[in-house]
Amino acid sequence: MLNVEGLRSRYGRIEVLHGIDLAVNSGEIVTVVGANGAGKTTLLRCLSGVQPVTGGSITFRGESFTAVPAYRRVGHGLAQSPEGRQIFTNLTVEENLRLGAFLYADDRVEKDMQTAFAMFPILKEKRNLAAGGLSGGQQQMLAITRALMGRPSCLLLDEPSMGLAPIIVAQIFEVVKSMRDLDVTVLLVEQNAYGALKIADRGYVLETGRVTMQGSAAELIADPRIREAYLGI
Ligand code: ATP
């Protein structure tokens, strides 16, 4: 579904992605794990089209995406839930969700909103309240469901567990796992390597802008190097 070959990106003169090769197949949950500053966010921003690519290629469902502008990528089925949630704090929960569906004006918008509310019932309770008043976990739930309102076939998730209490992280990871039932393919970027690998099919390890390991999630969880460097075991 998503193929990345030799992807390079830089900030000014400093290159931070040095030729990333990565593939996500339809129906998979794939995770990219790595420490702070490894380049995970930059990678996702290149995929969604908000960060310039300086080398390599991105192909989505057989089409070259490398030069496609960000707003068009959403229409092709690639949506992102960004780092730091980036919700519209002055708008209500419902208005945030409707913005996620900005491409659509059909009956399915209401249905998709009910699906979002079924995923995270607290959002239904707070649908008419300003999103800025939500807790961090609720804002993360809103960021994920807002991205889903764009009807993606592939969802890019940037660190959904960041800064959240373990019980909320567990709830969010459960919902990410359930994307399989919605036919949504997932590329999940995480510092919480264990949590991410537990729900993923495959994973990549990113270190200072390079993929240093890849494999099935079970292989990576069992690998002594991963256990020591990322799982604290
Ligand atoms: P984090 O978990 O902290 O978000 P990350 O793995 O997502 O880390 P990136 O945010 O992609 O990593 O950062 C990769 C590298 O690019 C780091 O060295 C970072 O300092 C640098 N970087 C990120 N954003 C910018 C920017 N706007 N200008 C300059 N350098 C940047």
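The values are calculated or read from the model by the stated rules, or taken from the named source; none is laboratory data. Here the structure is a predicted model, which means the values were calculated and not measured. So basically every Cβ, Gly included, is an ideal-geometry build from the backbone, and we count neighbours across all protein chains shown.
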Inset, instruction - Just give me the residues in the range 218-232 being of a type in the set (A, V, I, L, M), surrounded by fewer than 20 Cβ atoms within 10 Å (Cβ to Cβ) and at pLDDT 90 or above, in sequence order. - result: Ala218, Ile221, Ala222
Inset, instruction - Quick one: Gly100 ticks every box in (1) small (Gly, Ala, Ser); (2) under 23 Å from Ile58 (Cβ atoms); (3) loosely packed, with under 15 Cβ neighbours inside 10 Å except a single one, so which number is it? - result: (3)
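Answer yes or no: is there a residue in the range 38-55 that is of a type in the set (Lys, Arg) and more than 30 Å from Gly232 (Cα to Cα).
No, because not a single residue in the range 38-55 is of a type in the set (Lys, Arg) and more than 30 Å from Gly232 (Cα to Cα).
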Legend entry - Count of the range 35-90 residues which are at pLDDT 90 or above, surrounded by fewer than 20 Cβ atoms within 10 Å (Cβ to Cβ), assigned to a loop (DSSP other than H, G, I, E, B) and within 11 Å of the ligand (Cβ to nearest atom): 2
Legend entry - Options Lys177, Lys126: the member that is in contact with a helix residue (DSSP H, G or I) (Cβ under 7 Å, 6 or more places away or on another chain) and touching a residue at least 60 places away in the same chain (Cβ under 8 Å): Lys177
Legend entry - Residue satisfying all of: in the range 180-208; farther than 21 Å from Gly27 by Cβ and out of contact with any Asp or Glu (no Cβ under 7 Å at 6 or more places or on another chain); surrounded by the fewest Cβ atoms within 10 Å (Cβ to Cβ) among these: Thr208
Legend entry - Pro160 within 16 Å of the ligand (Cβ to nearest atom), touching a residue at least 60 places away in the same chain (Cβ under 8 Å) and not in a helix (DSSP H, G or I): yes
Inset, instruction - Show the residue pairs that are 6+ apart or on different chains and have beta-carbon atoms under 6 Å apart, the first residue being within the range 42-65 and assigned by TED's automatic domain parsing to the domain that holds Arg210 and within 16 Å of Leu157 (Cβ to Cβ), the second being among the hydroxyl-bearing types (Ser, Thr, Tyr) and crowded, with 20+ Cβ neighbours inside 10 Å. - result: Thr42/Ser9; Cys46/Ser9
Legend entry - Count of residues meeting criterion [more than 13 Å from the ligand (Cβ to nearest atom) and either surrounded by fewer than 17 Cβ atoms within 10 Å (Cβ to Cβ) or more than 11 Å from Leu187 (Cα to Cα) (or both)] in the range 2-34: 10
Legend entry - Test: Ala143 is in a strand (DSSP E or B), closer than 30 Å to Phe60 by Cβ and in contact (Cβ under 8 Å) with a residue 60 or more places away in the chain: no
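Test Phe60 against the stated conditions and say whether it is closer than 19 Å to Gln139 by Cα and of a type in the set (Phe, Trp, Tyr).
Values: closer than 19 Å to Gln139 by Cα: no; of a type in the set (Phe, Trp, Tyr): yes.
It is false that Phe60 is closer than 19 Å to Gln139 by Cα and of a type in the set (Phe, Trp, Tyr).
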